[in-house]
Structures are given as structure tokens and as C-alpha cells.
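Values in this text are rule-based calculations from the coordinates and carry no lab data. Owing to the predicted nature of the structure, the values given are computational and were not obtained by experimental measurement. Here Cβ is always computed from backbone atoms with ideal geometry, including for glycine, and neighbour counts include all displayed protein chains.
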There are 2 protein chains.
Amino acid sequence: MAMHKSPIRLLLGIAGLLMAISCSNQPPKNTEKTNMETTEKKNESAIFPRGERAPADYFTGMVYLQMLAQKTGDNDYSIGSVTFERGARSNWHTHPAGQTLIVIEGRGLYQEKGKPIKTINKGETIICNSNIEHWHGASSESQMTHIAITNDKGQGGVIWLKPVTDEEYKAGGK
Amino acid sequence: MAMHKSPIRLLLGIAGLLMAISCSNQPPKNTEKTNMETTEKKNESAIFPRGERAPADYFTGMVYLQMLAQKTGDNDYSIGSVTFERGARSNWHTHPAGQTLIVIEGRGLYQEKGKPIKTINKGETIICNSNIEHWHGASSESQMTHIAITNDKGQGGVIWLKPVTDEEYKAGGK
């Protein structure tokens with residue numbers, strides 16, 4: 001989630017252009033229509049826009065980030081809304097100054113290295129202490145959206161590590 | 001709604017029983033039915049419990065606070081979900097280290113001393129800079145719930161001042 005906006009916007013722009021070209025040549029399949037309707041329904045109840053695709057280097061599956069606030073003079077943190085589609089998750093990572101997650105939609109998973117995977121639900125707040133290796137994401141049967149308040153006291157917000165393998169995820173991903 | 005599930009289930013059970021008896025004798029009035037349906041919808045969509053009544057010394061009208069996280073070693077802030085019923089608002093106040101508001105439901109009002117009243121809506125994030133006198137609350141036609149991230153760097157989170165008068169509120173409370 002410590003990422004630059006412009007390359008992502010460029011990629012999204014290209015993807016959008018390709019989709020527009022593709023759509024003008026052939027009508028969307030029924031399954032696509034259903035997906036679009038589902039997305040529209042989601043947007044009605046969603047608090048924030050879904051945002052831009054998060055970088056595949058740091059996430060497995062479809063993950064979206066909508067920034068809500070940048071670090072300021074008063075605030076030693078940035079805030080974003082992160083949406084994980086079913087089965088999607090972050091890489092293993094640590095926060096040099098910690099992070100707070102507030103689940104606002106769906107059901108997800110959270111695991112600190114060496115501990116069991118925990119299910120996290122809408123309405124729950126999770127404190128990720130500094131320098132603890134962990135990952136979070138959606139469960140396999142539900143998407144999950146959380147607000148992430150990422151502390152940054154001069155050492156950056158996130159140190160990204162290796163992806164969470166399917167075996168690691170499946171250990172608690174039911 | 002800082003309440004235990006079992007007494008509520010009991011009350012709902014009794015209410016259901018009474019309604020069933022009542023329905024067999026006379027149909028419920030339309031207004032009662034509508035109110036109940038509205039309440040049920042609210043409870044289904046709410047992310048957090050409404051919490052406990054906020055102190056009348058610092059708020060006008062019905063305001064509720066559900067704490068989500070306390071200040072910790074990593075986090076120089078506490079987090080709460082604050083629900084203002086229609087027309088309710090905070091006193092004028094300042095934050096020695098600032099505050100961030102994230103509106104998650106309804107429509108509200110926000111005013112800094114000497115500036116016009118601003119309407120704030122679901123999905124908006126508001127940065128309250130340190131030592132700026134201001135107030136926030138619901139609009140007169142809608143309740144409002146916001147997450148409040150209140151910075152505390154050793155000087156406390158809030159300095160409370162005088163109530164927002166009806167005249168001050170009505171200047172932008174439509």
C-alpha cells in the first residue's frame with residue numbers, strides 16, 4: 001500500500017481503453033452483465049469508491065485501494081480503504097510504526113507469523129503492532145473491506161515481504 | 001446499542017409475541033409498522049454498535065459514542081464511532097494535536113470559527129487541524145455517524161468550549 005499513484009493510473013487507463021475497444025466490437029456476455037449489476041449494487045451501499053488496483057508485487061488476487069487521507073503535520077499516519085475480493089490477500093509484511101485496521105464490510109483473515117489465522121468481521125478493529133510480521137485479506141467465501149490507518153514516523157509505513165502461498169492461505173481460508 | 005445480545009433477543013421475542021397477538025386482534029397502525037421497519041434496516045446496515053450516550057456537558061441533543069481503539073504505544077490517537085441524531089452537535093472545541101473525521105453514514109455539518117458551515121456526507125474525510133476552534137454534528141434532516149481519530153501527543157485529545165447555540169446551528173442546519 002506504500003505505492004505511487006501515477007503508474008497505476010496509467011495502467012488503469014490502458015486497461016480501460018482496451019476494455020472500451022473490446023466492448024465496442026462485441027456485446028458483453030451475460031456473465032459480464034451479472035458482474036456489472038453486482039458491482040453497481042455494491043457501489044450503492046459502499047461508503048467509499050473501491051479505488052485503484054493495488055500492485056500485484058505486494059498482493060495476491062484482486063485488491064483495491066482508495067486513499068482517504070495523507071500524512072500531515074498533525075497526523076503521523078495515512079488512511080486508506082482497502083477492498084480484497086474473495087481469496088485475495090496482502091503479502092507478508094511489517095509496519096515500522098504499526099497500523100490499525102477497521103473492518104467495514106465482509107469477512108476476512110488476519111495472521112501474525114507463528115500464530116493461528118484469525119477470522120475478522122465487519123465492525124472489528126485490529127491493532128497491528130510495529131515490526132510484527134503478518135498478513136491480512138479476504139476470506140475464501142466473502143470479500144472484505146477495511147480502513148487502514150498506517151502509522152509513519154519517519155521510517156515509512158510498510159516493509160513488504162514474500163507472498164502468502166496458497167498452502168498458508170488455505171490453512172485458515174475456509 | 002452498547003448492549004448485550006441476549007436481553008435484546010428476549011425483548012424482540014416478547015415484542016414478536018405481542019405483535020402476533022396484536023395482529024390477530026387488530027392490525028398495527030401504519031406509522032408503527034414503518035418505524036419498526038426503519039429501525040430494523042438501520043440495525044442491519046450499521047457497522048458498529050451505536051454505543052453509549054455522550055456527555056450532555058459537551059454535546060447538544062442525542063449523541064452516542066462507541067470506542068473502537070484506545071491510544072497505544074504505537075498509536076498516538078484513540079478511535080471512536082460517534083452517532084449524532086438529527087439536529088445534535090458537539091460543543092465548540094479544539095484538538096491540541098488535531099483530529100480526523102471519516103463520515104460513514106448520513107449527512108452532517110462542520111464549521112470552523114469564522115468560516116461558513118460546510119455540509120459533510122457519507123464517504124468524506126475531514127482533517128481538523130490542531131488548535132482550530134470548530135464543531136460538528138448531524139444536519140437537521142439526517143442523522144450522521146463518523147469515525148473520529150483523535151490525536152493525543154501528551155496534551156489530551158480535546159479542549160471543550162461552549163455549546164453551539166440554536167442560532168449558530170440554524171445558520172447552516174437546513
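So the values come out like this:
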quantity	calculated
Inter-copy label distances at A:Gly123 (7 Å, Cα→Cβ; nm, one decimal)	2.5
Label point distance in nm, B:Asn91-B:Ser45, each placed 7 Å from Cα along Cα→Cβ	3.3 nm
Shortest-first distances to equivalent copies, position A:Ser45, nm, label 7 Å out along Cβ	1.0
Label-to-label distance, nm, for residues given as A:Lys153 and A:Gln70 (7 Å Cα→Cβ offset)	2.3 nm
Dimensions in Å of the stretch B:80-161 - Rg and Dmax from alpha carbons	11.8, 38
Amide H within-cut-off set for B:Glu105, under 5 Å, with H built and near neighbours excluded	B:Gly123, B:Thr145
Gain in span if fully extended, A:Glu168 to A:Glu141, counting 0.36 nm per residue against the direct Cα distance	8.1 nm
For B:Cys128, net neighbour charge (Lys/Arg +1, Asp/Glu -1) across residues whose Cβ lies under 9 Å away	-2
Label point 7 Å beyond Cα along the C-beta direction, distances from A:Gln70 to other copies (nm, shortest first)	3.5
